[in-house]
């Protein structure tokens, strides 16, 4: 019964989304406040109905209601509760439900927080958001109904893919979707503003917090997914340039450009046309990502849905929103007047360079991901585009961008002084080069790129420190004044510095992979294998029975200079009802590095074949991304990102007081 | 020769043991040669997998390819020769880093064309704006207001 109610609520939400799509837009064009108010009510109501519907599906999972086909296919009564709840979004239908839930959640948030927004802008934004929600709810109802019943009712479900039974799965998709779908708000703002033709700093002020929020979640989602792949897949890698990863990286790159651009637009009323275009492109790439993942058009490690009708439907949604957005842009953009002049050497100019490189990087990822598909369609020739291609194209572009970042960060708005910026950054640059040189001379072995990468990371971190210091330090000031000034800086300034330092931390982590050591061998109990300064001794291998699986486990002692540093267990797990064993990597964290052990095979004579790695500083890769997200969070809680705070400057007050 | 026999065992006798990413018995004694083999392996696609190099893959076919690569390196063949051999056998599909040809020109140059076109576009827009918008001088009233503001700064 709840299942039917859930289904019914979803259909009601579809009808409400239609109302939200049409009525407020009409109201905003006809300047009718009553019609415009319908938008907010419809947004709240459809959020309520979708939440109910989603909860009904979750209850079916929690109660193991095997009369529901979706639950039968993806759940098992013996599964732990957390995986019953997260199992909802482990499959195509459920993950589209989550997508829709987040879509209407954002609409409701805008309706709630948007009280201070110009009424017509709010109405058109909610309309566009309603249109997106309508398209996706229709998609779920027509092609991917998760509430379908099955008869006769099976006694037991088929279980969840064991790879997905992991805390990583419980966290990664919701974060990723909050990011992906969050960019729909930027799109709705851009299209809504284009519809009624008013695009100014006020618009930028309202759209910026939402963009930052989506960016923050996408950053966390990608980073979480990367760590999950690192420990779960057992290959020791953390980024595979897999089409599904690329699908999330593209909106992130464009979203990063957008986050920077909205700052320029808010502060300087410049780059309006470009910001609007970026907002449309960013969400277009989210939709493209949804298409790539959901249609299974590029079969990849992650792909678990391949059904052409769905692919075509999403392609239709993609075409409509991308094409419609761009057409509207082409029609309206020439009418926008550019404000805010600036010199080439200025913060604005630096941010244009930032956008250019991010766009080129995104193009590398986009072309690399879709090229094999396009080439095969056109000429029938099959080629592969993998990690080596992206390392040769996207990576150099990013490196160039990052090398330039600390200088750009310290340039003044409107007209900067390159020499002055260079002077401020002299110490940071000097130390970074020194770090590289010292490492080049001291560390033997490993690629030359590693010390250079560490130098680049140091440059980013020290550049951010310098930026904060040069903004707080005045000649002759006491330490107390210096500290007070530093803490008095806007949170957005701290946020930017933190995020940029975070990239530096990640870069150091990536560079240090060059010093990683790996070894493989066949070990009998008591034998050892060396990895760098550590050695792994096989204690014993045994069989363990867990909840829903049976596992062959090998336990190793990690020794450092003859002393015991810790233990790792790695195993091969066979889940109930599955044939293919999954590898469980064993990880021991020592400082910021990790010993990573991955068992290959258990032999009849009790020996174990093993691949073991020492990964120095590897945790920095993800810690850096956490810093980036924290930086985004700081910028988000900046006083100035809050809506509706207007500070009249002294000069403006003076002018107002003076009769003209 | 032993390896070749092992290979045929794998291929034709349906050897079904879990064959997994680079295994101890595959590793060459010569460290420099082994490093070259590993480097080459990361550029070769496991043909039956989804977006995995033969270096990462657990598939039996990936193991076969790894063994072929090592056989040929031991026999003194160059990287290029080995790649040419594998391409002749499996097609361009085996390369994770496509070769630069007419068909892949757009793939390789595309990102840099975006960079170039974007750069030129920015310069053009900036020039046009400088001409159209920088040319209005301040009116007397604006100048007076500016003077007031700049005096405030002192």
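The values are calculated or read from the model by the stated rules, or taken from the named source; none is laboratory data. This one's a predicted model, so the numbers in the text were calculated from it and none came from an experiment. Cβ coordinates were reconstructed from backbone atoms using ideal geometry, including for glycine residues, and neighbour counts include every protein chain displayed.
The figures follow:
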item	result
Filter pass, residue A:399 being within 22 Å of residue A:452 (Cα to Cα), away from every other protein chain (no Cβ under 11 Å) and either touching a residue at least 40 places away in the same chain (Cβ under 8 Å) or touching a strand residue (DSSP E or B) at 6+ places or on another chain (Cβ under 6 Å) (or both)	yes
Which numbered condition residue A:187 misses (of (1) closer than 30 Å to residue A:77 by Cα; (2) in contact with a helix residue (DSSP H, G or I) (Cβ under 8 Å, 6 or more places away or on another chain))	(1)
First in the range B:100-113 and more than 7 Å from chain A (Cβ to nearest Cβ), second anywhere and assigned to a helix (DSSP H, G or I), Cβ under 6 Å, 6 or more apart	B:100/B:108
Selection status of residue A:567, out of contact with any helix residue (DSSP H, G or I) (no Cβ under 6 Å at 6 or more places or on another chain), surrounded by fewer than 21 Cβ atoms within 10 Å (Cβ to Cβ) and at pLDDT below 90	no
Among the residues listed as A:626, A:617, the single one being surrounded by fewer than 22 Cβ atoms within 10 Å (Cβ to Cβ) and modelled with pLDDT of 90 or more	A:626
Residues within the range B:54-80 that are closer than 22 Å to residue A:389 by Cβ and part of a helix (DSSP H, G or I), tallied	7
Hits in the range A:149-205 (condition: under 17 Å from residue A:227 (Cβ atoms) and at pLDDT below 80)	A:163, A:164, A:165, A:166, A:168, A:169
Number of the exception - residue A:237 against (1) touching a helix residue (DSSP H, G or I) at 6+ places or on another chain (Cβ under 9 Å); (2) touching a residue at least 12 places away in the same chain (Cβ under 8 Å)	(2)
Qualifying residue in the range A:571-582 (condition: over 30 Å from residue A:78 (Cα atoms) and crowded, with 19+ Cβ neighbours inside 10 Å)	no
Of all residues in the range A:103-155 being over 25 Å from residue A:26 (Cα atoms) and buried (at least 19 other Cβ atoms within 10 Å of the Cβ), the one that is farthest from the chain's Cα centre (by Cα)	A:147
Where residue A:236 falls short, out of the listed (1) away from chain B (no Cβ under 14 Å); (2) on the phi > 0 side of the Ramachandran plot	(1)
In the range A:206-236, residue modelled with the highest pLDDT [restricted to those that are part of a helix (DSSP H, G or I) and touching a strand residue (DSSP E or B) at 6+ places or on another chain (Cβ under 9 Å)]	A:230
Flag if residue A:393 is under 20 Å from residue A:457 (Cβ atoms), at the interface with chain B (Cβ under 9 Å from one of its Cβ atoms) and surrounded by 23 or more Cβ atoms within 10 Å (Cβ to Cβ)	no
Residue count for the range A:368-382, restricted to those that are in contact (Cβ under 8 Å) with a residue 12 or more places away in the chain, surrounded by fewer than 23 Cβ atoms within 10 Å (Cβ to Cβ) and within 9 Å of chain B (Cβ to nearest Cβ)	2
Qualifying residue in the range B:77-85 (condition: touching a residue at least 12 places away in the same chain (Cβ under 8 Å), surrounded by fewer than 16 Cβ atoms within 10 Å (Cβ to Cβ), more than 18 Å from the chain's Cα centre (by Cα) and more than 30 Å from residue A:601 (Cα to Cα))	yes
Options A:587, A:529: the member that is in contact with a helix residue (DSSP H, G or I) (Cβ under 7 Å, 6 or more places away or on another chain) and part of a strand (DSSP E or B)	A:587
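Residues checked against (1) assigned to a helix (DSSP H, G or I); (2) over 18 Å from the mean Cα position of the chain (by Cα); (3) on the phi < 0 side of the Ramachandran plot:
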{"residue": "A:241", "(1), (2), (3)": "no, no, no"}
{"residue": "A:248", "(1), (2), (3)": "yes, no, yes"}
{"residue": "A:255", "(1), (2), (3)": "yes, no, yes"}
{"residue": "A:258", "(1), (2), (3)": "yes, no, yes"}
{"residue": "A:265", "(1), (2), (3)": "yes, yes, yes"}
{"residue": "A:278", "(1), (2), (3)": "yes, no, yes"}
